[in-house]
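Nothing in this text is a laboratory measurement; each read-out follows from the coordinates by a stated rule. For clarity, every value in this text was computed on a predicted model and none was experimentally measured. A quick note on method: Cβ atoms are made from the backbone with ideal geometry, for glycine too, and the neighbour counts reach across all protein chains shown.
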Amino acid sequence: MSEVAQVQSNSSADYEREPVPVHLRKGWLSMSLVWIAIGIDLSAMFLGAELGAGMNLTDSLAATLIGSVILGLIGALCAYVGAKTGLSTAMISRFLFGNRGALVVSIVLGIFSLGWFGVQAGFFASNMQTAFQQLWGIDLSLGLLSFIGGMLMMSTAIWGYRSIERLSIWSVPLLIIFIGIAVYTAISTHGTAAMWEPISSSPIPFGIAVSLVIGIFIVGTVLSPDIARWARTPKHAVMAAFVGFFVGNSFMTIIAIVLSRIMDTSDLTNIFIMLGLGLPAIIVLTLAQWTTNTSNLYSASLGFSVVFKKVPKWLITVIAGVVATMLAVFGIYDKFLSFLNVITMFVSPIGGIYTAEYLLVDRKKFTFEGIDRNKNWVFRSLFVWTAATFFAYLTTPAGDGSTLFTVTSVPALDAFIFAFIVQWIIGKISVKKGQ
């Protein structure tokens, strides 16, 4: 029996190894809420607080909006491929790297998504610890909070996309309500004059600010086929991705900028507490990270599902979730910046490769019916991936802040663009030669 037949006869509820059936696909609005929920996370909140302290209001808002538009455009481009194929990022990689080459890519995607889950769970624990200490004088260990957070975030990932969708549909309005209360309380008690005052810390250059806004979520755009494969049409996927990445990424960053300038502090947890919003602070911290981190584990499980074809996805998710949670318990959060640099260098080029191949080189081969007849290895794509990763390494600042050269000032974006252009050129040459 062919691989396709085996997959079709053993289709699962989440369709991790095959296209999502057309009759189960979703409209753009519900998908937008999923991406908005993913974008509303603690990283964006604390980035906004840093921008608010290091830039004037106009520049910080402009940097956030420009960076978010770029993210929205890249996300829409990647989502288009996901919607057209109906496949996850890991499954799409089989058309690019070959059936065995894709195993390498899927393992990389899975490992990095797991590590990022651990980092974000640790991030959640650190801020939750502060909230409990300040509100009730309770000193909970980071390890315990990391474990609780990891298990909570794993619970929805086990059930797949539809569970993530339900979480997003009710969590986004709730987050907006509580954040709206915080902004209203801050303005009514402290006024808006402080928003326009000079910055209170070291200035952040405008270009660096834009690069931070892009860099913090560009890996999410590359993995957007994991969600976009559920879109009713490519148009729905493009609309949902742009709205989701633009609004989701910019919303919390802008809110954090405003609150940090009004309250004159970059500690967002303390801002909520200072405003007398202790319980909303706990709810916002929990929901913001829950909706984001469950998607990290979801992407990890999709990647590993391509590698471990006979293991049910729910079991892969449980095992991966426990491993990632233990990474958080043992302190992977302390390596936040180092891990972020590494993951962006390796993952960002994959998005450039599959968008260039589908849009500009040879989209006809992206058919699931012929996937088991793919080559085992496609070395031109592996070469581009390696070269683009090295290119990102060259443009990534060293410990002293120096780089060999700079292109966009965002190494992840450099890698995406480099991979897109080189894959296009080499792909066209290879197609002409019949390779």
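Diagonalise the Cα gyration tensor of segment 26-332 and give the resulting equivalent ellipsoid semi-axes, square root of 5 times each eigenvalue, largest first, whole Å. Don't skip to the answer; put the middle values down first.
Details: eigenvalues 212, 101, 54 Å².
Taking √(5λ) for each eigenvalue gives 33, 23, 16 Å, largest first.
Going by how many other beta carbons lie within 10 Å of each one, how would you line up MET91, MET154, fewest first?
Numbers: MET91 27, MET154 23.
Ascending Cβ contact count within 10 Å gives the list MET154, MET91.
With charges only on Cβ, +1 for K and R and -1 for D and E, what is the dipole size of segment 164-265 about its Cα centre, in debye, rounded to 20?
380
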List the residues, sorted by chain then number, that are 5 or more residues from ALA231 or on another chain and whose placed amide H is less than 5 Å from its amide H. LYS26
Using 5 Å bins from zero, what percent of all Cα-Cα pairs in segment 84-197 falls into each bin? 2, 9, 10, 12, 16, 15, 12, 9, 6, 5, 3, 1, 0
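Compute the relative contact order of segment 120-198 as a whole-number percentage, counting only Cα pairs closer than 8 Å that sit 6 or more residues apart in sequence. Can you show the working numbers first?
Details: 29 pairs, mean separation 15.2, N = 79.
Relative contact order here is 19 percent.
With +1 on each Lys and Arg Cβ and -1 on each Asp and Glu Cβ, how big is the dipole of the chain about its Cα centre, in debye rounded to the nearest 20?
Numbers: 25 positive and 20 negative charges, 404 e Å.
For the chain, the charge dipole is close to 1940 debye.
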Can you compute the helix-only [θ] at 222 nm over the chain? Use -39500 (n - 2.57) per DSSP H run of at least 4 residues, normalise by all residues, nearest 500 deg cm²/dmol. -24500 deg cm²/dmol
Among the chymotrypsin sites (Phe, Trp or Tyr not before Pro) within segment 375-409, which fall in a DSSP loop and have no more than 12 other Cβ atoms within 10 Å of their own Cβ? PHE405
So what is the relative contact order of segment 26-332, in percent, for Cα pairs below 8 Å that sit 6 or more residues apart? 47
Just want to confirm a number: the relative contact order over segment 290-435, from Cα pairs under 8 angstrom separated by 6+ residues, in percent. 28
I'd like to know which of ALA288, ILE148, TRP170 lies farthest towards the positive end of the charge dipole of the chain, counting +1 on Cβ of Lys and Arg and -1 on Cβ of Asp and Glu. TRP170
